[in-house]
Amino acid sequence: MTSTLSAASPKKYGYVPPTFPRDPAEVNQFAEHIVLGQILEPMVDTDKLGNVTPGLAESWTFEDKGLTIKFKIRKDRVFSNGKKLEAKDIKYTIDRVIQKKSQSSNFLGSISSIEAPGSDSLIIRLREPNVSILKALSRDQAGVVPIDWNFDKESSEPLIGSGPYRLLKKGTNWNLEVNGKFPKASDISIREWKLVFFADHDLNVPAIGLPDYVPGATLSTKTGMQKVSGFEKLKTVSQISYAQTSAWWHPHGAHFNSAEMRSRAMGLIEEILAKGCKKLELERATGVIPKGVAGHLAVTDAPKVTHKKYEKTEPLRLAFVGATFDDFLKGNDVQAIAKEHGFQIEIIKVSPSEMGKVAEKKPDVIFAGWAGGFNDPEGFIALLPTFLGKDFGTYIGPAMAEKYKRARQEENWTVRSELFQQINAQLRKDQLMVPGWRIPFYIIGQTNMISEEATFRYTPRLHLVKDL
Amino acid sequence: MGIFRKSQTRSIQIYFLRIFIPIVLLVSTAISGLLAWNDYQVNKASRLDSQKLTFETFAAVVRQPLIQGSLIEARIRANELAQNSQISCIEIKSISETIQSCNKLKTSSSGLHRMDTDLYFSDDASNWMGHISITFDNSDLIAGIWKNVGKNAIGLVLLAVILFAGLSIGFSRIRIELNELMKILETQTSDKKRTPKFKISEFSSLAQNLSYQFEVSKAAAEAKAALDVARQVAHDIRSPIVSLQVALNAAQVQLDPTIKGVLNHSAQRISDIANEVISQYTASNKSSEGQVTIQKLPMSVDLALNEMVAEKILMCRQTPQVSMHTKSNVEDTFVEMQVSDFKRIISNLIDNALYAVSERGNIDVNCTRIANECCISILDNGSGISEAVLKTILEKGGSFGKPNGKGLGLQWAKKTIEKHNGRILISSQEGIGTEVRIFLPMSMNRNVKVQTGVQLSLAAKEA
């Protein structure tokens, strides 16, 4: 049975960013996170509703008023290299994710220390109570690697994990093959996936050969695929999405401290986004926290935009991260709108892989689109420093920073949700942020491979996909 | 003397008020209790289903905060649920600590329903995470039973009051009418002017029956007194009649044989009548029901009729303008009747005819057989009877023409004939005449000995 399945030609999985594979600590693309989730297993997991469930840790207890978490680690997990997974591997992984300042380190900042007193015992101590700590630990980027493991791009298996698939290089291709050491590995329907990459670094142009299964496809990806022959044979279903765009008054811009300039500039952005979304029939976002996640705003409360007559134009640097905004810019004469507000716009395009260099470009406004990574409001706030190049508490000022701290620690989920709503509303009121639009995600694939179960999860699991 | 005394009437009231009403109340209370208990069981089953759902929902709701260590959230959710008035206590225990404890129950243990379950990290219940329990307070259901019983008790008391009032009013009327009945019983008569109009139909009917029975008894007593007199007369005339017969026998040479025969026959008939009166009196004294026993011995119609006609023809000699004829084709025909009764009937009817023709006229006495009946017809061409009189002439007291007639003859004749399964018909026309017809069933019994009276009559005829 297994040999027969192995002998079958691999299914094609798409799309993978050209940056892949790279050190998990460096991963910052949604598409990369999905692939990581097939190879590495996080300490805790989440179900289709975003509820926390056991992962590598089978149980845990909170002590010291939530400042200490004691985990009991499963004993049945083995890495693809044959090494048994132990608590010290988890300690090594989390420490590494934090120390390497990965995207996920923004969510794990409350961790003060990690101990592994036994092979199946792990203790995490927190500086302050953090309600979302378990959800943060469920991120695919926090998937466990063996102790002392380091990423080696030249290796034929550069990522070692305990997940259902192994990443193996076959010739010039990267394939995902079933990890035989994964529990019930023989039940996995599709034994091998061949990874299909985007044709460009902006994750905009799909490869010519259409994959059999594409989770997490954006609207632009879908539009690109529609131009390739054979698309009509594929099935498209909507996938759960917590991704959206927003524009931020950037702290490294030349006019950051000018309230008047901020008002003028963000008024302009309001108008651009409003007209653009209407023209392109995009669903408008209401704040930094997307609809469906606790703390989101129910309605857009846009500040009133006033037009004055300006004798001369001021330069305004707009940074656009990734390809998400290309289609948006195509349909709008942004420069003409800007002129009415007394601005001469300079557009800076930033590749997602160059996020660390955004501050050097000193944009006045940065446009970005991202998903929180887990179903929690903290997932959308804590990630902002990646775009802003500044600690969020410093960026929003001491009053709102105090509120943000309370929100992170508040155990009453209703109150916590209200605090995040207040922060969300204040960002709009202060014109630090203008909400963009909701980014829809799709699963596109062979008709017989699309199952309802696979569509529910935010980062879909390939071992649940069946070749019926 | 009365059957119902006041003290007894009260005892009937006591029967209803002290026994019937308590029984009604007890049965009603028992039914009410059963209904309340049934309601309790139904409500309890429904409540337990609802509470099971509440508990399962709570277990699902509180599990995530416990998994994520948001113990305050778990407590908040528990407290929100505890606002439910049915919940007496919620307990939540995690691996490390008791999150929500149950310090004091709101009520006693009788109405409490506790549900508890373990919580696990995984759906396969492999990693224990905590324990929750909810104690529901269902004492209101038990209180509901008493509340229902209380409500029903008020209803029952009202019912008892209504019953009491209704029966009291009803009994006052019954008592009034019973008192009237008692008066009728005590006096054995009813004063129709004084007797109130009964409202209860049974009492009214009873009063009428009592009045009628008293009248019948009175008439019976009068009849008995008359019979006593008749017996005395019959007894007293027997001796002179025997002497008369002896004298007639001794004087048979000197008298015309026909006259002698008539005299003999008349003396014999008086003797028969006297004997019959005495025998009837004896029979009525012996009969347990006071009824005269009907003697059904066969008698020869032809012989008895000829004797009577002969007697009456002799009487007609004094009035030559009156002719009497007889014709009979009923030889060897017998009817089951006392011969004296038969003769009395025929005698009375011929007397009536003689009276009707007065001094001049014809009387035909015929006897024929029609099927199984013997028909005796007495036809006269006398004054006749009016149509109005004809309708009532056979009823009690009906009479026509005779100055001292009481109508008893015809009434008695009709009664006697009908007792013997016969019938009497009278047809008449004023100025033309009257015909009286008697139909008597013929006796089929020929082997019995004929009545003595007939034999005596035959002997008298031969003589």
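Values in this text are rule-based calculations from the coordinates and carry no lab data. Owing to the predicted nature of the structure, the values given are computational and were not obtained by experimental measurement. Every residue, glycine as well, gets a Cβ built from its backbone with ideal geometry; the counts of neighbours run over all protein chains shown.
Residues of region A:84-112 with an amide N closer than 19 Å to a point placed 7 Å from the Cα of A:ASN150 along the Cα-to-Cβ direction: A:89-102.
With 0.36 nm allotted per residue and the present C-alpha distance subtracted, the A:PHE256-A:ARG127 stretch has 43.3 nm of extension available. Ignoring lysines fewer than eight residues from A:LYS91 along the same chain, the ones with Cα atoms less than 20 angstrom from its Cα are A:LYS70, A:LYS72, A:LYS75, A:LYS83, A:LYS100, A:LYS101, A:LYS135. Each of A:ILE289, A:ILE443, B:ILE259 was scored by other Cβ atoms within 10 Å of its Cβ. Arranged with the fewest first, they read B:ILE259, A:ILE443, A:ILE289.
Assuming R0 = 60 Å, what is the FRET efficiency of B:ASP49 and A:LYS227, from their Cβ-Cβ distance, to the nearest 0.05?
Once the sixth-power term is evaluated, E becomes 0.55.
Rounded, prolate or oblate: which fits region A:43-142 when a ≥ b ≥ c are the square roots of the eigenvalues of the alpha-carbon gyration tensor, with rounded for a/c under 1.5 and prolate only if a/b beats b/c?
rounded
Overall, the anisotropy analysis places chain A in the oblate class: the square-rooted eigenvalues a ≥ b ≥ c of its C-alpha gyration tensor yield a/c not less than 1.5, with a/b not exceeding b/c.
Dipole size of region A:43-142 about its Cα centre, with +1 on Lys/Arg Cβ and -1 on Asp/Glu Cβ: approximately 240 debye, rounded to the nearest 20. Look at A:TRP370, A:TRP248 and count the other Cβ atoms within 10 Å of each Cβ; fewest to most, that gives A:TRP248, A:TRP370. Summing Lys and Arg as +1 and Asp and Glu as -1 over all other residues whose Cβ lies under 15 Å from the Cβ of B:VAL242 gives a net charge of 0.
If a spin label sat at a point 7 angstrom from the Cα of A:ASN448 along the line to its beta carbon, the backbone N atoms of region A:213-234 nearer than 20 Å would be those of A:213-215, A:230-234.
Computed over the protein assembly as shown, the per-residue total of -39500 (n - 2.57) for DSSP H runs of n ≥ 4 gives a 222 nm mean residue ellipticity of -13500 deg cm²/dmol, rounded to 500. This ranking places A:HIS33, B:HIS420 by how few other beta-carbon atoms lie within 10 Å of each, fewest first, which gives B:HIS420, A:HIS33. Charge dipole of region A:268-329 (Cα centre as origin; +1 on each Lys and Arg Cβ, -1 on each Asp and Glu Cβ, all else neutral): 220 debye, rounded to the nearest 20.
Given an 8 Å cut-off on Cα distances and at least 6 residues of separation, report the relative contact order of chain A as a percent.
Computed over chain A, the figure is 21 percent.
Relative to one another, the C-alpha centroids of region B:75-105 and region A:61-107 are positioned 33 Å apart. Between B:ILE162 and B:TRP37, the C-beta separation translates, for a Förster distance of 25 Å, into a calculated FRET efficiency of about 0.45. Spin-label model, B:ALA125 to B:VAL149: label points 7 Å out along the Cα-to-beta-carbon direction sit 4.0 nm apart. In the protein assembly as shown, a dipole from Cβ-located charges (positive for Lys and Arg, negative for Asp and Glu) runs towards its positive end, and of A:GLY163, B:SER300, B:ASN127 it is B:SER300 whose Cα lies farthest in that direction.
Scanning residues 5 or more positions from A:VAL78 or on other chains, those with amide H under 5 Å from its amide H are A:LEU85, with H placed 1.01 Å from N in the peptide plane. Partner lysines whose Cα lies under 25 Å from the Cα of B:LYS312, excluding those fewer than 8 positions away in the same chain, are identified as B:LYS260, B:LYS327, B:LYS343, B:LYS402, B:LYS406, B:LYS414, B:LYS415, B:LYS461. Straightening the chain between A:GLU346 and A:LYS235 buys 36.0 nm, computed as 0.36 nm per residue apart minus the Cα-Cα spacing.
Legend: distances between Cα atoms for A:LYS12/A:LYS227; A:LYS48/A:LYS275; A:LYS309/A:LYS429; A:LYS330/A:LYS357; pairs beyond 27 Å are A:LYS48/A:LYS275. Counting Cβ atoms of other protein chains within 10 Å of each Cβ in A:56-66 and taking the mean gives 5.
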